[in-house]
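Values in this text are rule-based calculations from the coordinates and carry no lab data. Just so we're clear, the structure is a prediction, and the values are computed from it rather than from any experiment. Here the Cβ is made from the backbone with ideal geometry for all residues, glycine too, and neighbour counts use every protein chain on show.
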Amino acid sequence: MRDPYRLNVIADHDRKLLIFRLIGPMPSAEFVERLFEAYCGFDKPWTYARIMDMRRFEGLIEFKDVEAMAQRWAELKGGAFYPAKVAVISFDALDKARVPQASTMFPDETICHFSDYYEAMQWVTAPIAA
């Protein structure tokens with residue numbers, strides 16, 4: 001039987017951009033597992049800007065899993081410093097409210113919430129101001 005959910009990963013190597021589309025009722029912990037499985041397919045994934053497109057996600061990413069994600073991300077980076085942008089696209093007001101709190105766990109990333117895909121894409125692909 002096929003899972004009622006999926007995580008699609010799109011890589012734009014020219015723009016150093018990873019797009020993750022979470023679709024359906026994926027359990028929170030499984031999202032983290034699949035996210036890191038995807039990261040392992042890229043050389044230095046922290047050098048990529050990232051879009052987390054959650055507009056078609058049905059559920060909640062639990063805060064304990066966001067904490068686990070932050071810890072695993074720090075371990076994956078191995079102390080490397082590389083500022084990056086992360087756009088979270090969602091229609092959920094809770095996601096919007098939680099982004100600033102979650103951002104503190106990812107000190108090298110600038111994380112912003114969007115409800116519009118094209119605004120997120122424009123922001124995430126714009127050069128980082130020095």
With the contact rule set at Cα under 8 Å and sequence spacing of 6 or more, what percent relative contact order holds for region 9-50?
47 percent
Taking the chain and dividing mean pair separation by its residue count, relative contact order in percent (alpha carbons under 8 Å, at least six apart):
23 percent
With only Lys, Arg, Asp and Glu charged, each at its Cβ (+1 for the first two, -1 for the last two), find how big the charge dipole of region 25-94 is about the Cα centre; round to the nearest 20 debye.
320 debye
Of the candidate values [x] 0.93; [y] 1.18; [z] 1.01, the one computed for Rg/Rh (Cα atoms, Kirkwood Rh) from this structure is [x]
Any idea how many Lys pairs in region 1-106 come in under 22 angstrom at the alpha carbon, given 8 or more places apart or on separate chains?
9
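Sorted by average packing, counted as other Cβ atoms within 10 angstrom per residue and highest first, what order do 115-128, 81-94 take?
Answer by packing, highest mean first, reads 81-94, 115-128.
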Value at 222 nm in deg cm²/dmol, rounded to 500, when DSSP H runs of n ≥ 4 in the chain each add -39,500 (n - 2.57):
-11000 deg cm²/dmol
